[in-house]
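Working notes, structure below.
Nothing in this text is a laboratory measurement; each read-out follows from the coordinates by a stated rule. All values derive from a computational prediction rather than experimental measurement. Counting neighbours? That spans all protein chains shown, and the Cβs are built from the backbone with ideal geometry, glycine included.
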Amino acid sequence: MKAIDLFAGCGGLSLGFQKAGIDITGAFEYWKPAIEIYKANFNHPIFETDLSQIEDYSIFSDLQPDMIIGGPPCQDFSSAGKRNEDNGRGNLTVNYAEIVSHVRPEWFVMENVERILKTQKLKDAKKIFIKAGYGLSEIVLDASYCGVPQTRKRYILIGKLGEIDHFMDYYLIKNQSKTPITIYDYLGNSLGTEYYYRHPRSYARRGVFSIYEPSPTIRGVNRPIPKGYVKHNGDAVDDLTKVRPLTTKERTYIQTFPENFQWLGSKTELEQIIGNAVPVNLAKFVGDCIQEYINDCKQKKVKHRETVLEFKYA
């Protein structure tokens, strides 16, 4: 199955879907620092394209995708942003839906922050998908139950032409792990520290974490422990001399990028790019669920529509 990646960033979604056995034939992104990283790590082309200004949809359809994947920028929805869906970037979710509806691949996958569920933009996008003939499955996944050592909640919307709604729910739920994966589970003692600092959004929140728990969400900010930091009741250790922030490279591991992935650009750019990325293993989890659905349908292992309905209303 061939796919193209819109709003591709540095390639977390692309790499995860590749690992799930899906052939990425092209990607589209507008931020040059992210494009340079993508180019360094993939053999297929990435096109510098403003996806808010599309008039000719042949640039996508010429690649003959069976699937479109993408994570429209989420800053206007994010709890880390100003939460104003009308600032401009929120419109990119609708732009994504319009591209999908014009190209009409058999499949699409859209990733975003959990807060998109509260927005009108998502409702507008879903109307476009439904009018184009897609059945929809949607779920909020906690990445720490999907092979990522990080508590990162992300909204996933999967569409398939001519399918019933909720068609993927069974797979997306049953394939999650029973317990969250910790940094120690994923990386062992390779960080050389048991405790690390992650700068909180406010000092009412904890800032010190242990490798024996999932990391909090990797954001685009990575700061050292400030002088005079006052210990929070929830901090994982009292002795701050044992604590340091994670390095830029270590943050890529928690985003489940492989060690040989190449990173280019300034530290400030890299921190933002890493924080924006879709964790590779989260993307692979979704791709694997889709592949399992396809294989089950081909082999007629289940009466699929009946299974979905039984699962949904059990």
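So the values come out like this:
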{"item": "Val221-Ile164 FRET efficiency (beta carbon distance; Förster radius 35 Å; 0.05 resolution)", "result": "0.25"}
{"item": "Rounded FRET efficiency, nearest 0.05, which uses the C-beta distance separating Lys267 from Asp23 and R0 of 22 Å", "result": "0.05"}
{"item": "Where labels lie 7 Å past Cα in the beta-carbon direction, separation of His44 and Cys297 in nm", "result": "1.9 nm"}
{"item": "Gaussian network model of the chain, springs between alpha carbon atoms under 10 Å - residue of Thr119, Thr179, Thr49 with greatest fluctuation", "result": "Thr179"}
{"item": "Calculated from backbone phi, Karplus (6.51, -1.76, 1.60) coupling profile of the stretch 145-157 in Hz, x at Gly/Pro", "result": "9, 10, x, 10, x, 7, 7, 9, 8, 9, 7, 10, 10"}
{"item": "The stretch 183-257, relative contact order in percent, only Cα pairs under 8 angstrom and at least six apart counted", "result": "38 percent"}
{"item": "Average Cα contact separation per residue, the stretch 169-314, under 8 Å, 6 or more apart, as relative contact order %", "result": "26 percent"}
{"item": "Footprinting exposure proxy for Asp50, Asp23, Asp288 (fewest neighbouring C-beta atoms within 10 Å first)", "result": "Asp50, Asp23, Asp288"}
{"item": "Value at 222 nm in deg cm²/dmol, rounded to 500, when DSSP H runs of n ≥ 4 in the chain each add -39,500 (n - 2.57)", "result": "-9500 deg cm²/dmol"}
{"item": "For the chain, the longest site-free run once chymotrypsin sites (Phe, Trp or Tyr not before Pro) in DSSP loop states with at most 12 other Cβ atoms within 10 Å are removed", "result": "1-202"}
{"item": "Over 27 Å between alpha carbons, listed pairs Lys32/Lys131; Lys39/Lys118; Lys32/Lys123; Lys121/Lys174; Lys19/Lys131; Lys19/Lys174", "result": "Lys32/Lys131; Lys39/Lys118; Lys32/Lys123; Lys121/Lys174; Lys19/Lys131"}
{"item": "Sites Leu187 and Gln53, calculated FRET efficiency, Cβ-Cβ separation with R0 41 Å, nearest 0.05", "result": "0.50"}
